[in-house]
Amino acid sequence: MDSNATKNEASEQAAADSLSENDSGVTDDLKSLWHELRELNHMHFRLLALEAQQAGNSLVVMIVAGIMAAVVLSVAWLGFLAAVILALNQYGILTDYILLILLTVVLNLLLALVLWSVIRSKGYYLRFPATFRSLRSMPPAPGNTEES
């Protein structure tokens, strides 16, 4: 009977050692998971910082293009006024010079339209598209599954 008792104690000791090894394995897995989660958050913050920089650059381009569009529109307005003044003072009727001034006004308006399209295209980067795509591609947490 003593040999059976020693065998039982040995098997119980082996089972306890196995459980402690499993516990340390689970602890190691949890630590590893925690470090991966921290690294993933770090990557998201880095992406956010890069997109904030890109958004800042886009904002500067938009402001400069807006200022240029304002200058071009001012010149177009002055060109229009110059055409009207030339028509009233010198000829009284339309001549080729006036048509040339009006053509200049049209070209300035086309340039303003091009600058407006630059502003519109750069506005896309102010919404942090890569960050939102990255966050949407993350798998849902195990307990937070939503069913539609």
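I'd like to verify a number: residues in the stretch 110-138 that are touching a Ser or Thr at 6+ places or on another chain (Cβ under 7 Å) and modelled with pLDDT under 80, how many?
Selection size over the stretch 110-138: 2.
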Q. Among (1) surrounded by 12 or more Cβ atoms within 10 Å (Cβ to Cβ); (2) of a type in the set (A, V, I, L, M); (3) modelled with pLDDT of 80 or more, where does Ile67 come up short?
A. (1)
**Q.** Output for the stretch 100-126, where each listed residue is of a type outside the set (Ser, Thr, Tyr) and either touching a Cys at 6+ places or on another chain (Cβ under 7 Å) or in contact (Cβ under 8 Å) with a residue 60 or more places away in the chain (or both)
**A.** Lys122, Gly123, Leu126
**Q.** Options Val72, Val84: the member that is at pLDDT 80 or above, surrounded by 11 or more Cβ atoms within 10 Å (Cβ to Cβ), out of contact with any Gly (no Cβ under 6 Å at 6 or more places or on another chain) and farther than 30 Å from Arg136 by Cα
**A.** Val72
Q | Tally of residues being farther than 14 Å from Ala70 by Cα and in contact with a helix residue (DSSP H, G or I) (Cβ under 9 Å, 6 or more places away or on another chain) across the stretch 101-117 | A | 5
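The values are calculated or read from the model by the stated rules, or taken from the named source; none is laboratory data. Since we're looking at a predicted model, the values are computed, not measured. When we count neighbours, we look across all protein chains shown, and the Cβ atoms used for this are built from the backbone with ideal geometry, even at glycine.
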